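**Q** Pasting in a structure now, in structure tokens, and then I'll have a few things to ask.
The values are calculated or read from the model by the stated rules, or taken from the named source; none is laboratory data. These numbers come from a predicted model, not from an experiment. Cβ placement follows ideal geometry from the backbone for every residue including glycine, while neighbour counts extend to all protein chains displayed. These area figures cover heavy atoms from the full protein model, side chains too; ligands, DNA and RNA do not enter into them. Shrake-Rupley method; radii C 1.70, N 1.55, O 1.52, S 1.80 Å.
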Amino acid sequence: MTPDTLLLRQIHPSFIQDGRVTSQAFRPTPKDEFLLSVDDGDRVTAEASWQRFITNPACKSVGVQALSQAECTAQALTVIEDGNPHPEHCSVDFTAFDKKEIEKKSKLLRAHAETRGWLFREAVA
């Protein structure tokens, strides 16, 4: 993984308000053990990542946005190449931060992702 590696994040439909992705899409929760689930964009395309994700009936995504490894590092967030539940899976580690810091970091990450735009978006019928 390099600083330019894009970390692919699935965007749940509930994380879109007024046509914009909310920072909630980039904020892990206690049930996630404060690890944000992403895929290594050097190892899988945004579309392939999305297709795999939505094959699970419990998972919903309207598309894929991304953060770079460098953007995470700039926020003192470690990217863990954990390979679980699939080989390209990574986790962005927020465990060292309190709720207020996590919210601030997720807003900054959302801004980067928004500037980059959608890497893949589902076709709307």
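**Q** Could you tell me which of F97, N84, S68 has its Cα farthest along the dipole of the chain towards the positive end, charges placed at Cβ (Lys, Arg +1; Asp, Glu -1), taken about the Cα centre?
**A** Value: F97.
**Q** Work out, step by step, the length gained on full extension between E81 and A96: first 0.36 nm times the residue separation, then minus their alpha carbon distance; give nm to one decimal.
**A** On the way: separation 15, 0.36 × 15 = 5.40 nm, distance 1.76 nm.
Result: 3.6 nm gained on full extension.
**Q** Under 24 Å Cα-Cα from K99, which lysines qualify once same-chain neighbours fewer than 8 residues away are excluded?
**A** Filter leaves K31, K107.
**Q** What are the ³J(HN,Hα) values, in whole Hz, obtained from phi via the Karplus relation 6.51 cos²θ - 1.76 cosθ + 1.60 with θ = phi - 60°, for each residue of the range 88-96 in sequence order, with x given for Gly and Pro?
**A** 8, 6, 9, 10, 8, 8, 9, 4, 7
**Q** So who's got an amide H within less than 5 Å of the one on F34, skipping anything under 5 residues away but keeping other chains? H placed 1.01 Å off N, in plane.
**A** T29
**Q** If the chain between R52 and D18 were fully stretched, how many nm would it gain, using 0.36 nm times the residue separation less the Cα-Cα distance? It would help to have the intermediate numbers written out before the result.
**A** Numbers: separation 34, 0.36 × 34 = 12.24 nm, distance 2.70 nm.
Stretched out fully, the R52 to D18 stretch lengthens by 9.5 nm.
**Q** Got a sec to turn the phi values of the range 114-121 into Karplus ³J(HN,Hα) couplings, 6.51 cos²θ - 1.76 cosθ + 1.60 with θ = phi - 60°, whole Hz, x for Gly and Pro?
**A** Residue by residue, the range 114-121 yields 5, 4, 6, x, 6, 8, 7, 9 Hz.
**Q** Moving on to the next point. When the accessible area of the chain is split by element with a 1.4 Å probe, what percent falls to carbon and sulfur? Numbers along the way, then the final one.
**A** Details: 3640 of 7040 Å².
With neighbouring chains kept in place, the figure for the chain is 52 percent.
**Q** How much mean residue ellipticity at 222 nm does the chain get from its helices, if each DSSP H run of length 4 or more adds -39500 (n - 2.57) and you divide by all residues, to the nearest 500 deg cm²/dmol?
**A** Values: 3 runs with 33 residues, N = 125.
That calculation yields -8000 deg cm²/dmol at 222 nm.
**Q** Read phi for every residue in the range 31-37 and hand back ³J(HN,Hα) as whole Hz from Karplus 6.51 cos²θ - 1.76 cosθ + 1.60, θ = phi - 60°, with x for Gly and Pro.
**A** Once rounded to whole Hz, the list reads 5, 8, 6, 6, 10, 8, 7.
**Q** So, with +1 on the Cβ of K and R and -1 on the Cβ of D and E, and no other charges, what is the size of the charge dipole of the range 1-92 about its Cα centre, to the nearest 20 debye? Working shown, then result.
**A** Details: 7 positive and 12 negative charges, 78 e Å.
Roughly 380 debye for the range 1-92.
**Q** Once you sort the root eigenvalues of the Cα gyration tensor of the chain as a ≥ b ≥ c, which label holds: rounded (a/c under 1.5), prolate (a/b larger than b/c) or oblate (the other case)? Mind dumping the intermediate values first?
**A** Values: a/c = 1.41, a/b = 1.19, b/c = 1.18.
Rounded shape, in that the Cα axes give a/c under 1.5.
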